[in-house]
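See below for the structure under consideration.
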Amino acid sequence: MEYKNTTSDKPLVSVCIQTYNHAGYIVQCLDGILSQERDFPIEVIIGEDDSTDGTRDICISYAEKYPDLIRLFLRSEKDKIWINGQKTGRFNFMSNLQAARGKYIALCDGDDYWVDVQKLKKQVSLLETGTFTVCGTNARLYYQTTGALGPALFKHQDRTEFSREDLVFHNPFPTSTVVFKKASGDFPQWFWETPYLDWSLYFFHSKDGKAIYLEDLTAVYRIHSGGLWGKIGTYQRIRNGIALRSFFLKEIDQVSLQRKVYHSLRTDAFRALRFSKGPKDARLFLTYSCKWLLSYV
């Protein structure tokens, strides 16, 4: 259900926020977005995923205070999707993307926040040149339990541009820093199943241009007990990487790149097999070994 609003139907940027049980964080997230200095119209899309801690009430209060900027979607528990045996916010995330009307889409998780009031202006200026389709920046960690700020997350050794091939093997951007040009047409069906939708978005949209990285620290990634990344063990991360690149293969026509992907899948399948020593991972290793060898035929 979309909450009542008076937002522009032609924003340049749609800022998509996914939030669930972020009552202690969502105000900081929203204030960082609303404080952006800009000379173009935006819409702030909040997907509130049926929280149980008061997050929904906070979002409603902001939607009522800023009806010309905020589009609030009140989503339901029954719509949540399970991936790899875990309940996820995938329906919420995908529905936000589908609702976005902007030429560009910016991402910010409800427990993260922006610290640079010119973040959007800098990134949109770069994307408007037409050379790039994805723009991410640096961010720093914030440890909720101690209140300490960590160092910058990424060091790319003076590298600023990433090709489509680069993005197959490496995710160079923290999610809440990214702005990308929305592709025409529907999102691919595999977006509903991929373990990492943010990374998949960057890869998919790089088909029309390179990704660019700014060293600027524009956002803060919050580490807390409710965060999802810290709950994923090493074995599951390996399996997620295998699943991710198997979906990327659906979008790759270049034989030489397919060969590299099969080689990485074979390597990761062997790593998974060393963890599990189970028949499922053994079959996966044999499958990708055969596909890698056949790619040379």
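Things worth noting here:
- When each of Phe180, Phe154, Phe187 is tested for being surrounded by 14 or more Cβ atoms within 10 Å (Cβ to Cβ) and out of contact with any strand residue (DSSP E or B) (no Cβ under 8 Å at 6 or more places or on another chain), the lone residue that passes is Phe187.
- If you check Arg266, Arg259, Arg274 for being surrounded by fewer than 14 Cβ atoms within 10 Å (Cβ to Cβ), over 24 Å from the mean Cα position of the chain (by Cα), over 30 Å from Gly102 (Cβ atoms) and not assigned by TED's automatic domain parsing to the domain that holds Ser35, only one passes: Arg274.
- Residues in region 75-95 that are surrounded by 13 or more Cβ atoms within 10 Å (Cβ to Cβ) and among the aromatic types (Phe, Trp, Tyr): Phe91, Phe93.
- Where strands (runs of 3 or more DSSP E) sit wholly within region 102-157, those with at least 1 residues that are free of Cβ contacts under 8 Å to residues at least 60 places away in the same chain occupy 148-152.
- Filter result for Leu30 (without any contact (Cβ under 8 Å) to a residue 60 or more places away in the chain and closer than 22 Å to Cys135 by Cα): yes
- Selected residue (only one of Thr146, Thr129, Thr137 is in contact with an Asp or Glu (Cβ under 7 Å, 6 or more places away or on another chain), of a type in the set (Ser, Thr, Tyr) and over 22 Å from Pro195 (Cα atoms)): Thr137
- Output for region 158-173, where each listed residue is part of a strand (DSSP E or B) and surrounded by fewer than 22 Cβ atoms within 10 Å (Cβ to Cβ): Glu161
- For region 83-104, the criterion of being of a type in the set (A, V, I, L, M, F, W, C) and at pLDDT below 95 is met by at least one residue.
The values are calculated or read from the model by the stated rules, or taken from the named source; none is laboratory data. Everything numeric here is computed off the predicted structure, so don't read it as measured data. We place every Cβ from the backbone using ideal geometry, glycine too, and count neighbours over all the protein chains shown.
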